[in-house]
Amino acid sequence: MANQAPVVGSKNVTGTNYSGSAAKVYFTKHIDAEHLIKLYKLVNEAIVGKVGIKLHTGEKNGPNILPRDMVKAFQAQVPNSAIVECNTLYQGDRYTTEGHRDTLKVNGWTFCDVDILDPTDDCIVDFPVKNPFHLHEVSMGGHLANYDSLIVLTHYKGHAMGGFGGSMKNIAIGCASGHRGKAQVHGLGVNVPENYLEWPMQDVFMELMADSAQATCNHFGKHITFLNVMRRISVDCDCAGVTAEEPTMKDIGICASTDILAIDQACTDMIFNAIDSADMKERINSRHGLRQLSAMAEKQMGNTQFELIEID
């Protein structure tokens, strides 16, 4: 991968030396539909057939969700595609399919089909996990098996339990069925404590997410690609809705890659290198969020080395 010809008009801005192979992570400082589409076209070679766009559509009126007009323009460039989501484990706006549908309307996700992958609790499909830390299989939203390819379009931000939410979190939790799969990924049984602070935390939770994300990646094989949008980087996930903390750092840009580990590593490196990221760094470190990256590396889900290639 490291010997691949550079994209015209790009430059490698990583500034580090490495030996062996490296994944390519494309980057732009411009956060708009034009550049999102431009980056996608660099990493979409294997996106074929019926395409799911895994997006975090957010709780009602969430201030930090990805701009609808940007996503609308992007989705229009992907033939035979639909946004895909699952219901939630916590009892919020998207806990039931009915409530989820209403929330989608409130948040403006009405310009294309939105497939709730688990419309009923028994609509699941079990994906196996290779060399698991904890989970031998994960119950995904049943409709996920209907798709040939998956685009993971992620708002990179903080997360109350994971420290940060990148591509791995988007599919690890987001593709798991709302009331069974998500309980598995959170290390919970039938009786789920209402207070998430009573749920398994830190390293165990990161490893559970890695198991789940690997199951989805293995299912789609090469027919999966990743886009991380680093804007309105709150320490809170879009699950927090209107209660999310106001971002305290500047927007950074968009990354794209076919490598899930490389893209989350690149974005996290940018956070730690930013001069205004003290709050995000505290959120990540206090939750052991970097264990997401080392867990993916141990499971050989991607390359720990990457070239960051900036696109104007």
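The values are calculated or read from the model by the stated rules, or taken from the named source; none is laboratory data. Because the structure is predicted, anything quoted here is derived from the model rather than measured. So basically every Cβ, Gly included, is an ideal-geometry build from the backbone, and we count neighbours across all protein chains shown.
Each residue in segment 128-149 was checked for being outside any helix (DSSP H, G or I) and either without any contact (Cβ under 8 Å) to a residue 60 or more places away in the chain or farther than 10 Å from CYS175 by Cβ (or both), and 15 of them qualify. Within segment 213-220, none of the residues are crowded, with 23+ Cβ neighbours inside 10 Å and in a strand (DSSP E or B). Among the residues of segment 56-70, just one is among the β-branched types (Val, Ile, Thr) and in contact with a Phe, Trp or Tyr (Cβ under 8 Å, 6 or more places away or on another chain), namely THR57.
Counting only residues that are surrounded by 18 or more Cβ atoms within 10 Å (Cβ to Cβ), over 29 Å from LEU293 (Cα atoms) and not polar (S, T, N, Q), segment 79-114 holds 5 of them. The requirement of being modelled with pLDDT under 95, at positive phi and surrounded by fewer than 22 Cβ atoms within 10 Å (Cβ to Cβ) is fulfilled nowhere in segment 163-186; no residue meets it. For ASP276, the conditions (1) in contact with an Asp or Glu (Cβ under 8 Å, 6 or more places away or on another chain); (2) in a loop (DSSP other than H, G, I, E, B); (3) free of Cβ contacts under 8 Å to residues at least 60 places away in the same chain are fulfilled apart from (1). No other residue among ASP32, ASP102 is under 24 Å from PRO247 (Cα atoms), modelled with pLDDT of 95 or more and not aromatic (Phe, Trp, Tyr) apart from ASP32.
Restricting to segment 247-273, and then to whatever is out of contact with any Lys or Arg (no Cβ under 9 Å at 6 or more places or on another chain) and in a loop (DSSP other than H, G, I, E, B), can you tell me which residue is surrounded by the most Cβ atoms within 10 Å (Cβ to Cβ)? So, considering only residues that are out of contact with any Lys or Arg (no Cβ under 9 Å at 6 or more places or on another chain) and in a loop (DSSP other than H, G, I, E, B), the one surrounded by the most Cβ atoms within 10 Å (Cβ to Cβ) is MET249.
From the list GLY62, GLY52, GLY58, the one residue that fits, being touching a Lys or Arg at 6+ places or on another chain (Cβ under 9 Å) and buried (at least 22 other Cβ atoms within 10 Å of the Cβ), is GLY58. Selection within segment 7-29: residues that are among the basic types (Lys, Arg) and outside any loop (DSSP other than H, G, I, E, B). The member of this set that is modelled with the highest pLDDT is LYS24.
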